[in-house]
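Inspection log for the structure reproduced underneath, given as structure tokens.
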Amino acid sequence: MAGTEELEKRFREQFCKWMGRSVDFKLVYSASRDGMSPEIFHQKCDNKGPTVVIGYNTDGCVFGGYTSVEWKACTCGTAQTRRDEKAFLFSLKFMNTYSPRIFPVKNPELAITTCSTHSPVFGVAATPDMVIIPNKEVNKDINRNFDTGLTREDIKFGTVYDNGYFTMQQVTSNNYIFKNVEIYQIMDPVRLDKPWRDDNKYNTATLRKMVEDYCPVGDAGVTQSRILLIGSVGAGKSSYFNTINSIFRGHVTCQASTGSAEFSLTTKYRCHQFRNDSTYLKFLLCDTRGMENGRGIDEYYLTGLLDGHVPDGYMSDKFSPIDILLSYIKTPTVNSKIHCVAFVIDSGSVDVMNKSILSKFKLVQNLANQRGIPQVILLTKVDQIELDVDKDLTQLLHSSRVAYVVDQVAQLIGLPRGHVLPVKNYEKETELNETVDRFALLSLQKMLRFANDYMYELLDTRQPPRTLSSYSWVIAIALLLFSIFCSLWISQRR
Ligand SMILES: Nc1nc2c(ncn2[C@@H]2O[C@H](COP(=O)(O)OP(=O)(O)OP(=O)(O)O)[C@@H](O)[C@H]2O)c(=O)[nH]1
Ligand SMILES: [Mg+2]
């Protein structure tokens, strides 16, 4: 069935663009869930402020209307038209093809008609511009079946709304059999006065210096900490490397290939280093090929990644017997193992994450847990969560919606919320931006700290060197044997 609890992400984005601001959508009515009658519609939708009505017909057309005024079941029994300068009709999909179009109101006085015996009507009751709700039952044709008693011929698109030369046929394919009708209440997002995470301790310059000065734990035998970037295709793994690289190079770089494709753009395992003038920084970001939907993941290869068996530049995401002979690093040192795993997740994918991708994350998580390797979530594309955050990234920690996505992804993956690190990668920018740098450096600093925690744990659990007391029983036996030997020798000499 089309349209359930979650309005498609691109529909939501399109609405926000049409409304010129970022808004939240709350499903208040679903015909397939709640049933169909003017009474139910009024029970669920009256006095809810601005709403958007969306119809999904059986030809794959999605269309509807938005009004900023409230629906009301007026007790007088007669239909009342209401003025709304902001109302508009729209088409989102025509015959399964995404084709967003807006039809703004041209006669605001007659924008909607509301009455206790009518479902929502855009325009006037006798000749509405668009009919979205059929009578009585979902999945029934409208021929003389509207609660308003209308037929198709009564629909006069272009009377109250500017149809821009489009016909209703081009919006609905003249099909009024609905698979579902949904109504969403539109709410302005809440700006949190207090940030949802207190991350103000260090400014960008200090963070940069901390990362530059970072060293792995002294006695752990690690010269450069390794952070593994793992996630689905297009999540932003290579862009994260480019973002960090840009910070240290002083301009926006594109060393790793990035972009959108069905299959992973990154085809080989790369352990990227970072230069600061002439010295290398003491960490590596290990970029992997994106996990593809419906494609299996090789557990042996994953284990090899975590344990440092996969060489830099390795071209596959599995090991063939010949690879095991030729490329496989047989005796990796602690230096080539992974010290922190970062699950790179596109914030737009959180509420629609595919089960097969989730199970791959769980597999990596199990393997990392068995080895005690700390894990974080790099939540990318946070600029796409909300228009206001896109316009001004400093609003990130004041956005209730970003806070919500952070909670959601922490629950989904099963990591503490503090392990979710929101970032916006360099993507449309051509020059460095301090706030982009700040969130990227904050995430990196946290991962490096976690990598050091792992090394401390390694040191603490290594077998302690044997002390004299642990050899005491050996010494005691040796002394005993020596004294027996001496007494035998003395007795023989006598
Ligand atoms: N708006 C926005 N776009 C981003 C962000 N991060 C990455 N992108 C875009 O997302 C697309 C995919 O990014 P990549 O870095 O290539 O993703 P990947 O995870 O390396 O993908 P594969 O190598 O194909 O697995 C690119 O077009 C990027 O420009 C971000 O934070 N915000
Ligand atoms: Mg990549």
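Among the listed residues LEU285, LEU265, identify the single one that is under 16 Å from CYS340 (Cα atoms) and assigned by TED's automatic domain parsing to the domain that holds VAL334. First the steps, then the outcome.
Details: LEU265 fails: under 16 Å from CYS340 (Cα atoms).
Unique residue meeting the criteria: LEU285.
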| said: Can you list residue pairs whose Cβ atoms sit under 6 Å apart, with the first residue in segment 330-358 being within 17 Å of ASN293 (Cα to Cα) and the second being assigned to a helix (DSSP H, G or I) and open to solvent by 30 Å² or more (accessible area, probe 1.4 Å)? Count only pairs 6 or more apart in sequence or on different chains. | reply: GLY348/LYS9; GLY348/GLN384; VAL350/GLN408
| note | Of (1) away from ligand 1 (no atom under 14 Å from the Cβ); (2) in contact with a Ser or Thr (Cβ under 8 Å, 6 or more places away or on another chain); (3) without any contact (Cβ under 8 Å) to a residue 60 or more places away in the chain, ASP317 satisfies every one except (1)
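Restricting attention to segment 223-246, and to residues there that are away from ligand 2 (no atom under 16 Å from the Cβ) and open to solvent by 10 Å² or more (accessible area, probe 1.4 Å), which single residue is nearest to the chain's Cα centre (by Cα)?
Pass one, segment 223-246, residues away from ligand 2 (no atom under 16 Å from the Cβ): 223-226.
Still in the list and also open to solvent by 10 Å² or more (accessible area, probe 1.4 Å): 223-224, 226.
Details: THR223: 33, GLN224: 29, ARG226: 24 Å.
Here the answer is ARG226.
Which residue, of LEU397, LEU441, LEU387, is closer than 20 Å to VAL341 by Cβ and crowded, with 16+ Cβ neighbours inside 10 Å?
On the way: LEU397 fails: closer than 20 Å to VAL341 by Cβ; LEU387 fails: closer than 20 Å to VAL341 by Cβ.
Step by step, each of LEU397, LEU441, LEU387 is checked, and only LEU441 is closer than 20 Å to VAL341 by Cβ and crowded, with 16+ Cβ neighbours inside 10 Å.
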| remark: Per the list (1) more than 16 Å from ligand 1 (Cβ to nearest atom); (2) of a type in the set (Ser, Thr, Tyr); (3) open to solvent by 60 Å² or more (accessible area, probe 1.4 Å), residue check on TYR454 breaks on (3)
| task | Would you confirm whether any residue within segment 204-213 is open to solvent by less than 70 Å² (accessible area, probe 1.4 Å) and not in a helix (DSSP H, G or I)? | result | no
| message | All but one of (1) touching an Asp or Glu at 6+ places or on another chain (Cβ under 9 Å); (2) within 16 Å of ligand 1 (Cβ to nearest atom); (3) hydroxyl-bearing (Ser, Thr, Tyr); (4) modelled with pLDDT under 95 hold for SER336; state the number of the condition that does not hold. | response | (2)
| Odd one out for LEU415 among (1) under 25 Å from ASP388 (Cα atoms); (2) not in a helix (DSSP H, G or I) | (1)
| note | Taking segment 234-252 and keeping only residues that are more than 27 Å from VAL334 (Cα to Cα) and free of Cβ contacts under 8 Å to residues at least 60 places away in the same chain, one is left with ARG249
| Just one of the numbered conditions (1) touching an Asp or Glu at 6+ places or on another chain (Cβ under 7 Å); (2) near ligand 1 (Cβ under 8 Å from one of its atoms); (3) at pLDDT below 90 is not true of ASN276; which one? | (2)
| query | Quick one: in segment 354-374, which of the residues that are open to solvent by 40 Å² or more (accessible area, probe 1.4 Å) and modelled with pLDDT under 90 is nearest to GLU8 (Cα to Cα)? | reply | ASN354
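Would you point out the residue of segment 375-393, among those that are modelled with pLDDT of 95 or more and assigned to a helix (DSSP H, G or I), that is nearest to ligand 1 (Cβ to nearest atom)? Even if it seems obvious, please write down each step before you answer.
So the first thing to find is which residues in segment 375-393 are modelled with pLDDT of 95 or more, and the list is 375-382, 393.
From what is left, the residues that are assigned to a helix (DSSP H, G or I) are 382, 393.
On the way: VAL382: 7, LEU393: 10 Å.
Residue satisfying both the conditions and the ranking: VAL382.
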| Among (1) closer than 28 Å to PRO422 by Cβ; (2) open to solvent by less than 20 Å² (accessible area, probe 1.4 Å), the one test that ALA220 misses | (1)
| query | How many of the residues making up segment 264-320 are open to solvent by 30 Å² or more (accessible area, probe 1.4 Å) and assigned to a strand (DSSP E or B)? | reply | 5
| request: Determine whether LYS318 is within 30 Å of ALA410 (Cβ to Cβ) and in the same structural domain as GLU427 (by TED's automatic domain parsing). | output: no
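Please work out if SER257 is within 16 Å of ligand 1 (Cβ to nearest atom) and in a helix (DSSP H, G or I).
Values: within 16 Å of ligand 1 (Cβ to nearest atom): yes; in a helix (DSSP H, G or I): no.
The answer is no for SER257.
The values are calculated or read from the model by the stated rules, or taken from the named source; none is laboratory data. Computed from a prediction, not measured in an experiment: that's the story for all the values here. Every residue, glycine among them, receives a Cβ derived from its backbone with ideal geometry; neighbour counts consider all protein chains shown. Note: areas computed on protein heavy atoms with side chains; ligands, DNA, RNA excluded. Shrake-Rupley method; radii C 1.70, N 1.55, O 1.52, S 1.80 Å.
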